[in-house]
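*Asks:* Quick one: structure below, then a few questions.
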Amino acid sequence: MPYFSTRGGEKRATKKKKQKNNPLRKTISKLFNLFLIQRSFSTSPLIRRLAVMDIVPIIFEQPVRRDDIEGLRRVREEANKYGTMVFADESVYSLRDAQTVLDAKSVGGINLKLMKHGGLLEAMRIADFAHEHGLKLMIGGMVESRLGMSASLHFALAIGGDVVWFDLDTPMLIEGDPLSGGLQYTGPSMTLPQSPGIGVQTR
């Protein structure tokens, strides 16, 4: 996924939209529907500018700095006008952080990452908290092997329907993977093996 500044992203999107003969022109709004902007802006005017360009993302993931909870709230307030959900990532490492963003009415969901939360127990506490208070969940990860991502998929399926987005593709970025088994990718779908445990073996 390319990362660029707010101004750079807006400039690129506008340029693509104006290119009438560009074969991507008709699909650019669809491509931007699942649009994960991470810490690239601190105020909500960008959302309005995107809407003017007919770009209405489904999700903003951690659109401000980790400690800018008020900025996160302002982005959510504006994003909700367009049906865009705001998810916290780096703003929620712990259950206490989850309580903080809930109290501030800053997000509609939380991106769970087992490694970020320090393991299964804290991730489960946050998931239970989110369920209790009506927050949606994503499941993601750091740049991890199929071992970590398989564990994350097991976890997401175990906690049930509150997980609405899955971002578990980092094993596809690893060249010369020393592991086999675990989760399998078929187009946009992921499946788990029926073997014992996590289902991952060394080659």
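*Asks:* Name the single residue, out of those in the range 73-95 being at pLDDT 95 or above and aliphatic (A, V, I, L, M), that is most open to solvent (accessible area, probe 1.4 Å).
*Replies:* L95
*Asks:* Do you know which of the residues in the range 45-72 that are over 17 Å from L137 (Cβ atoms), in a helix (DSSP H, G or I) and among the hydrophobic types (A, V, I, L, M, F, W, C) is most open to solvent (accessible area, probe 1.4 Å)?
*Replies:* Once the filter is applied, the top-ranked residue is V52.
*Asks:* All but one of (1) within 18 Å of the chain's Cα centre (by Cα); (2) within 21 Å of M115 (Cβ to Cβ) hold for P188; state the number of the condition that does not hold.
*Replies:* (2)
*Asks:* Based on this model, can you work out whether S180 counts as touching a strand residue (DSSP E or B) at 6+ places or on another chain (Cβ under 7 Å), under 13 Å from K113 (Cβ atoms) and polar (S, T, N, Q)?
*Replies:* no
*Asks:* Is it true that Y93 is of a type outside the set (K, R) and touching a His at 6+ places or on another chain (Cβ under 7 Å)?
*Replies:* For Y93, the condition - of a type outside the set (K, R) and touching a His at 6+ places or on another chain (Cβ under 7 Å) - is met.
*Asks:* Restricted to the range 157-203, and to residues that are touching a Pro at 6+ places or on another chain (Cβ under 7 Å) and among the charged types (D, E, K, R), which residue is farthest from S145 (Cα to Cα)?
*Replies:* In this case the residue turns out to be R203.
The values are calculated or read from the model by the stated rules, or taken from the named source; none is laboratory data. What you see is a predicted model, and the numbers here were worked out from it, not measured in a lab. FYI the Cβ positions are ideal-geometry reconstructions off the backbone, even for glycines, and counts take in every protein chain you see. When the accessible area is computed, the model is the full protein with side chains, heavy atoms only, and any ligands, DNA or RNA have been set aside. Shrake-Rupley method; radii C 1.70, N 1.55, O 1.52, S 1.80 Å.
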